[in-house]
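Asker: Mind having a look at this structure? Questions to follow.
The values are calculated or read from the model by the stated rules, or taken from the named source; none is laboratory data. Keep in mind the model is a prediction, meaning the values are calculated, not measured. For neighbour counting, all protein chains shown are included, and Cβ atoms are generated from backbone atoms with ideal geometry for every residue, glycine included. With ligands, DNA and RNA removed, areas are computed over all heavy atoms of the protein, side chains included. Shrake-Rupley method; radii C 1.70, N 1.55, O 1.52, S 1.80 Å.
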Protein chains: 2
Amino acid sequence: MAQAPADDALITTYGRLVEAHSHLGRQLGRSLEQQAGVPQTWFEVLLRISRADGSQVSMGSLAQQVALTSGGITRLLDRMIDAGLVERVACPTDRRVAFAALTAQGADLLERASSVHAGDLRQVFSAFSDADLQTLDDLLDRLRATVGPSPTTGPSLAAGGDPVSTGPGGPPSRRPRDG
Amino acid sequence: MAQAPADDALITTYGRLVEAHSHLGRQLGRSLEQQAGVPQTWFEVLLRISRADGSQVSMGSLAQQVALTSGGITRLLDRMIDAGLVERVACPTDRRVAFAALTAQGADLLERASSVHAGDLRQVFSAFSDADLQTLDDLLDRLRATVGPSPTTGPSLAAGGDPVSTGPGGPPSRRPRDG
DNA sequence: CTCCTTTGGTTGAGGTCTCAACTACTGATC
DNA sequence: GATCAGTAGTTGAGACCTCAACCAAAGGAG
């Protein structure tokens, strides 16, 4: 385990990121679910759709934004459609493409959930100054930029208009480990 | 969505954190798996065990550190034990407790994987100055601190075993950083 | 010592995701 | 216009996780 202390520090820094995200995510997700009745994944989808240009996004773009594979997004949307929150809209210019759009009910729920989420975040960030937040935004953006969003099986690029950016795709492939 | 722009900004900031984590995580996980043959979850576990006091951790503590429920950690360990990387060690003073410890093979794998991981991280952070890293560490620590470690089904709080960082909650951590 | 509450961990049932194979459609080439 | 490679999305099988019920041991009260 004797590695350069600098490497160790990097690993630890990354560990901080992972922990910050997982702890926050768990807490915020729980709150969202209890107070607004929406799983955090659903909220994420609703938000992305509403922020997209024309309030609709292709499945592929959505998949990238929420870090799911195309297969994953298909089923997630299926469930949300069953719940009456979103609907599939056929693309008029490319019949392969399916857009996701909010229903009135979905938009309504998003609004309520956003309010809850914002409240939670205000608490979480209560000890952060505007400068802190700005710095954090900057660092996270740079971090995000180092690696292109590289999820998915399928789509390659997203259409614009997302809250938190979009970008080119990356290489797939993976080997499962048998147990 | 008539909400205060400040709220909107917070939501977006949090979105950045989520994205930074998910994109990085996916990429690093893939690399780890391809180059070292370890799923990133396993790596995380190996690392936490090795860094724990006495190179052993209780299941509960481990569960918290990797953000899994107790049920989840039980099975994860089962798989890793099957693979010969870790072993369960009975606690001599409390027969309810099971410790996880590395086998020689596990320690070996960890060492190789750490090297891969550190290399990846060096690339990821290549555009970050020492000051940047320090700032990032600080911000993430503060973020982590706003919410206590979340409850995982079962254990309420674990003994010791600070995450992956240098010091337990207290003062903002000092990072040993050298070229 | 016995009862009872609390805590650590494991197990069964159910849910969501990834991977890989497959269908449908587009656009380029001949 | 027919062919073929590439792209968008869906679907089946398998992996992994969470929730909740459960067992075993520890610790305090009577």
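Asker: Being open to solvent by 40 Å² or more (accessible area, probe 1.4 Å) and assigned to a helix (DSSP H, G or I) is the filter; apply it to region A:47-61 and report the residue that is farthest from A:Ala90 (Cα to Cα).
Answerer: A:Arg51
Asker: Related question: Suppose we keep only residues that are of a type in the set (S, T, N, Q) and not in a helix (DSSP H, G or I) within region B:86-127. Which one would you say is nearest to B:Leu47 (Cα to Cα)?
Answerer: Checked region B:86-127; the qualifying residue nearest to B:Leu47 (Cα to Cα) is B:Thr103.
Asker: Continuing with this model, one more query. With the checklist (1) away from DNA strand C (no atom under 16 Å from the Cβ); (2) free of Cβ contacts under 8 Å to residues at least 40 places away in the same chain in hand, flag the one item A:His117 doesn't pass.
Answerer: Only one criterion is unmet by A:His117, namely (2).
Asker: Can I ask one more? Please name all residue pairs, on different chains or six or more residues apart, with Cβ atoms under 7 Å, provided the first residue is in region A:64-85 and is at positive phi and part of a loop (DSSP other than H, G, I, E, B) and the second residue is open to solvent by less than 20 Å² (accessible area, probe 1.4 Å) and near DNA strand C (Cβ under 7 Å from one of its atoms).
Answerer: Close Cβ pairs satisfying both conditions: A:Ala67/A:Pro151.
Asker: Scan (1) part of a helix (DSSP H, G or I); (2) at pLDDT 90 or above for the single condition A:Val38 breaks and write down its number.
Answerer: That leaves (1) as the condition not met.
Asker: Sort out which residues of region A:92-134 are open to solvent by 50 Å² or more (accessible area, probe 1.4 Å) and polar (S, T, N, Q), and write them in order of number.
Answerer: A:Thr93, A:Gln105, A:Ser115, A:Gln123, A:Ser126, A:Ser129, A:Gln134, listed by residue number.
Asker: Okay, next question. Going through region B:102-118 one residue at a time, which ones are in contact with an Asp or Glu (Cβ under 7 Å, 6 or more places away or on another chain) and more than 11 Å from chain A (Cβ to nearest Cβ)?
Answerer: Result: B:Thr103, single match.
Asker: Yes or no: B:Val116 under 17 Å from the mean Cα position of the chain (by Cα) and not basic (Lys, Arg)?
Answerer: It is true that B:Val116 is under 17 Å from the mean Cα position of the chain (by Cα) and not basic (Lys, Arg).
Asker: Suppose we filter region A:65-80 for residues that are within 12 Å of chain B (Cβ to nearest Cβ), more than 6 Å from DNA strand C (Cβ to nearest atom) and not aliphatic (A, V, I, L, M); how many remain?
Answerer: Qualifying residue count for the region: 1.
Asker: Scan region B:35-46 for residues that are away from DNA strand D (no atom under 15 Å from the Cβ) and open to solvent by less than 10 Å² (accessible area, probe 1.4 Å) and jot them down.
Answerer: The answer is none; no residue qualifies.
Asker: Separate question: Would you please list the contacts, defined by Cβ atoms under 7 Å and residues six or more apart or on different chains, that run from a residue in region A:48-63 that is within 14 Å of chain B (Cβ to nearest Cβ) and within 20 Å of B:Ile11 (Cβ to Cβ) to a residue that is open to solvent by 30 Å² or more (accessible area, probe 1.4 Å) and within 16 Å of DNA strand C (Cβ to nearest atom)?
Answerer: Within 7 Å, the pairs are A:Ser61/A:Pro155; A:Ser61/A:Ala159.
Asker: Something else: Any residue at all in region A:62-73 that is closer than 30 Å to B:Arg48 by Cβ, away from DNA strand D (no atom under 11 Å from the Cβ) and open to solvent by less than 10 Å² (accessible area, probe 1.4 Å)?
Answerer: no
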